[in-house]
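Q: Questions regarding the structure given below will be posed in turn.
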Amino acid sequence: MVKMRLGTAVFAATLIVLGGQALAAPCGNNSAGFAKWKRIFSGEAEAQGIGPKGIAALQGTSYSVGTIRADRGQKGFKLSLDQFMAKRGGPAIASRGKSLKNANTGLLSNIEKRYGVPPGPLLAIWGMETGFGNYMGNQNVLSAVATLAYDCRRPEYFTQQLYAALQLIDRGTLNPGAKGAMHGEVGQTQFLPKSVLLYGVDGDGDGRVNLNSKADALASTANFLKGHGWQRGAGYQPGQPNFRAIQGWNAAGVYQQAIAIIGRQIDGTRAAQTD
């Protein structure tokens, strides 16, 4: 279970510094150089303030062939919108989302009061990412992120994610054995480590952020959207003000459109009034 204290501006500033200084370790396109990369990166990470727990956890990672295969094979985003909706079960997500909206009115109302985000897009993201928490992944989070930081395709981006994960481990808020999705996402709406630090919030009032908790995951997702420009009361369909915030969640156009469509179906008449 992934638990952490509320993220701070200090964490964010540290990530910016660390993320920009950790690319001396040579990248690779297969497992051959991974052990050497870990040794070099560990030295860099230690010099940047990562402590013994984080370094030990990094040394315990394995090159994830499954993660690389998933990273290279994201063919779903090459589908048309109709194909994508059918493949990902858009109608079923909308139907289940309506039921969950009715079953969680108090939680969703509190989230909307706090962040200005209505239930529809939150439930659409929840359903799209993990089937409403039914499958959150079985890949070792740190191995996945370390593999992608080493890989030559996107090392800069995932180096920042790796530093975030190591900071969480150092603070005892991320278990080195934590499981998540193939790219290292965790929780019911699938946050990468840096997003946990920047946008993770306590949605159930226990003083901690646990993205395996429904309340924390939905509140954190709303906080993410707010942090990406969500405007209270504005529409979220393509061309409307809040669609940009949805674009911040995922770079794939068909995914963005699917979230907008499913969210509108869940929000119903109310969405038609604001959209």
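The values are calculated or read from the model by the stated rules, or taken from the named source; none is laboratory data. On a predicted model such as this, the values are computed, not experimentally measured, just so you know. As a convention, Cβ positions derive from the backbone with ideal geometry for all residues, glycine included, and neighbour counts pool all protein chains shown. Keep in mind that these areas ignore ligands, DNA and RNA; they rest on the heavy atoms of the full protein, side chains included. Shrake-Rupley method; radii C 1.70, N 1.55, O 1.52, S 1.80 Å.
One line per residue, one yes/no per condition, for (1) more than 30 Å from G235 (Cβ to Cβ); (2) touching a Leu at 6+ places or on another chain (Cβ under 7 Å); (3) small (G, A, S):
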| site | (1), (2), (3) |
| --- | --- |
| G54 | yes, yes, yes |
| N102 | no, no, no |
| G127 | no, no, yes |
| N140 | yes, no, no |
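Q: Any idea which residue in the range 112-144 is surrounded by the most Cβ atoms within 10 Å (Cβ to Cβ), counting only those that are under 25 Å from G227 (Cβ atoms) and in contact with a strand residue (DSSP E or B) (Cβ under 9 Å, 6 or more places away or on another chain)?
A: Filtering first and then ranking leaves A144.
Q: How many residues are in a helix (DSSP H, G or I), open to solvent by less than 20 Å² (accessible area, probe 1.4 Å) and touching a residue at least 24 places away in the same chain (Cβ under 8 Å) if we restrict to the range 217-247?
A: Summing the residues that are in a helix (DSSP H, G or I), open to solvent by less than 20 Å² (accessible area, probe 1.4 Å) and touching a residue at least 24 places away in the same chain (Cβ under 8 Å) in the range 217-247 gives 9.
Q: Any residue at all in the range 78-88 that is without any contact (Cβ under 8 Å) to a residue 12 or more places away in the chain, farther than 13 Å from I262 by Cα and touching a Gly at 6+ places or on another chain (Cβ under 7 Å)?
A: Yes; the residues of the range 78-88 include at least one that is without any contact (Cβ under 8 Å) to a residue 12 or more places away in the chain, farther than 13 Å from I262 by Cα and touching a Gly at 6+ places or on another chain (Cβ under 7 Å).
Q: Restricting to helices (runs of 4 or more DSSP H) lying wholly in the range 1-61: which have 2 or more residues that are within 20 Å of the chain's Cα centre (by Cα), modelled with pLDDT under 95 and not aromatic (F, W, Y)?
A: Working: elements: 9-19, 34-47, 52-59.
In the range 1-61, the matching helices (runs of 4 or more DSSP H) lie at 9-19.
Q: Considering each residue of the range 66-92, count those that are touching a Leu at 6+ places or on another chain (Cβ under 8 Å) and closer than 24 Å to G229 by Cβ, and give that number.
A: Adding up the residues that qualify gives 0.
Q: How about the range 248-269: which of its residues are surrounded by 19 or more Cβ atoms within 10 Å (Cβ to Cβ) and of a type in the set (S, T, Y)?
A: Answer for the range 248-269, where residues must be surrounded by 19 or more Cβ atoms within 10 Å (Cβ to Cβ) and of a type in the set (S, T, Y): just Y255.
Q: Do we have any residue at all in the range 81-96 that's open to solvent by less than 80 Å² (accessible area, probe 1.4 Å), among the polar types (S, T, N, Q) and farther than 13 Å from A124 by Cβ?
A: no
Q: With the checklist (1) open to solvent by less than 10 Å² (accessible area, probe 1.4 Å); (2) part of a helix (DSSP H, G or I) in hand, flag the one item T189 doesn't pass.
A: (2)
Q: Could I ask something else about it? Tell me, which residue of the range 192-216 that is small (G, A, S) and outside any loop (DSSP other than H, G, I, E, B) is surrounded by the fewest Cβ atoms within 10 Å (Cβ to Cβ)?
A: The qualifying residue surrounded by the fewest Cβ atoms within 10 Å (Cβ to Cβ) is A215.
Q: Moving to a separate point now. Restrict the check to the range 145-154 and report whether at least one residue is at pLDDT 95 or above, surrounded by fewer than 24 Cβ atoms within 10 Å (Cβ to Cβ) and of a type in the set (S, T, Y).
A: So far as the range 145-154 goes, no, none of its residues is at pLDDT 95 or above, surrounded by fewer than 24 Cβ atoms within 10 Å (Cβ to Cβ) and of a type in the set (S, T, Y).
Q: Residue under question is S109, and the condition is that it be in contact (Cβ under 8 Å) with a residue 12 or more places away in the chain, small (G, A, S) and open to solvent by 10 Å² or more (accessible area, probe 1.4 Å); does it hold?
A: no
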